[in-house]
Amino acid sequence: MQFLLLIYENEQRFASGFNPAEMQEYEAFGQQHASAIKGGNALQPTTEAQTVRLRNGKALTTDGPFAETKEQLGGYYLVEAPDKAAAAAMAAKIPGARFGCVEVRPIMTFS
Amino acid sequence: MRYMMLVYTQEIEMEKASQEEMARVFAGHVAVQQETRRRGIFRAADPLKYTSTATTVRLQEGKTLVTDGPFAETKEQLAGYYILDCADLDEALEWAAKIPTGCGGSTGCVEVRPIHEFPTGPQGEPILATGRG
């Protein structure tokens, strides 16, 4: 099964750049789970976000993310895991789980 | 530059949708994926199961706290994502407007977020291990 691990934390922590020690932790996480990780990216802060809504055939674009939240989506991993418990155990090892939280969502498969 | 398109929809609307509406939304996704693949800018896309299947993990003082449900309750819910390699934000916004967000055509939105590109290592290897996308 594939799962999306969505990393949410207060992006103010990264306002003056990334902590090199934390980046090394991410690198170690990536190496340790290399065979399970199918994808992953970090996102630029929500100040760079634009949100598009289509109403009556017209695109309405607004600055900012779709919703203001206390913690913000900062990145994700797409992982292969035997079950949800295994995916959650992997999520707990992502440094972001210490500072914010990691949402584990199964990928939808169409038969 | 790569952009992540986060597709938010109202799950309640999807549950109410007819088979015809679902087929139309599905066809809309197929069309966007075929066209972006043809242009060589498609990088990844995945649909997600409903937020009722979500689990949220926090680590507090070394202890793992697992709760059912998504990280936040919102009026619209994350239903899937695309990664497209676009020339600029304008192109990304054009594609975002073509991605179907749900049923009835009147709900949902697409958030467009530029991806943070990390420098590569001395041998060109990614600093952060990532796969496709």
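On a 22 Å Cα-Cα criterion, which of the cross-link pairs B:K16/B:K49; B:K16/B:K75; A:K38/B:K75; A:K84/B:K16; A:K84/B:K49; A:K38/B:K63 come out too long?
The answer is A:K38/B:K75; A:K84/B:K16; A:K38/B:K63.
Taking only the alpha-carbon atoms of the stretch A:2-106, what semi-axes of the equivalent ellipsoid follow from 5 times the gyration tensor eigenvalues under a square root, in whole Å, largest first?
Over the Cα atoms of the stretch A:2-106, the semi-axes work out to 27, 18, 11 Å.
Once R0 is set to 41 Å, what does the formula 1/(1 + (r/R0)^6) return for the Cβ-Cβ distance between B:F118 and A:T109, expressed as a FRET efficiency to the nearest 0.05?
0.85
Would you mind giving the mean number of other chain beta-carbons within 10 Å of the Cβ of each residue in A:11-19, as a whole number?
Per residue, the average neighbour count from other chains is 0.
How far apart, in nanometres, would the label points at A:K70 and B:T53 be if each is projected 7 angstrom from Cα along the Cα-to-Cβ direction?
2.8 nm
Across the residues of A:78-91, average count of Cβ atoms on other protein chains within 10 Å?
2
For the stretch A:55-102, which GluC sites (Glu not before Pro) pass both filters: DSSP loop (anything but H, G, I, E, B) and at most 13 other C-beta atoms within 10 Å?
The qualifying sites are A:E68.
For the stretch B:2-114, count all C-alpha to C-alpha pairs, find those more than 22 Å apart, and express that count as a whole percent of the total.
Looking at the stretch B:2-114, the distances longer than 22 Å represent 40 percent of pairs.
Could you work out [θ]222 nm for the protein assembly as shown from helices alone, using -39500 (n - 2.57) per DSSP H run of at least four and dividing by all its residues? Round to the nearest 500 deg cm²/dmol.
Only helices count here, giving -7500 deg cm²/dmol.
Could you rank the peptides A:95-106, B:40-51, B:60-71, A:20-31 by their average count of other C-beta atoms within 10 Å per residue, with the highest value first?
A:95-106, B:40-51, A:20-31, B:60-71
Please compute the average number of Cβ atoms from other chains found within 10 Å of each residue's Cβ in peptide B:12-20.
0
In nm, to one decimal, how far is the B:A72 label point from the B:S18 one, both placed 7 Å along Cα→Cβ?
Between B:A72 and B:S18, the simple spin-label model gives 3.6 nm.
Mind pulling the per residue volume of the convex hull built on the Cα atoms of the protein assembly as shown? Å³ is fine.
Convex hull of Cα atoms, per residue: 135 Å³.
Can you give the extra length, in nm with one decimal, that the chain gains between A:L60 and A:S35 once fully stretched, where that is 0.36 nm per residue apart less the Cα-Cα distance?
That pair, A:L60 and A:S35, stretches by 4.9 nm at full extension.
Given a Förster distance of 51 angstrom, what is the FRET efficiency for A:A15 paired with B:Q34, based on the Cβ-Cβ distance and rounded to 0.05?
0.80
So how far, in whole Å, is the C-alpha centre of the stretch A:64-111 from the one of the stretch B:1-21?
If we compute the Cα centre of each part, the gap is 19 Å.
FYI, it's all coordinate maths here, none of it is from the lab. Everything numeric in this text was worked out from a predicted model, so none of it was measured. With ideal geometry, Cβ positions are generated from the backbone for all residues, glycine too; neighbour counts draw on all protein chains shown.
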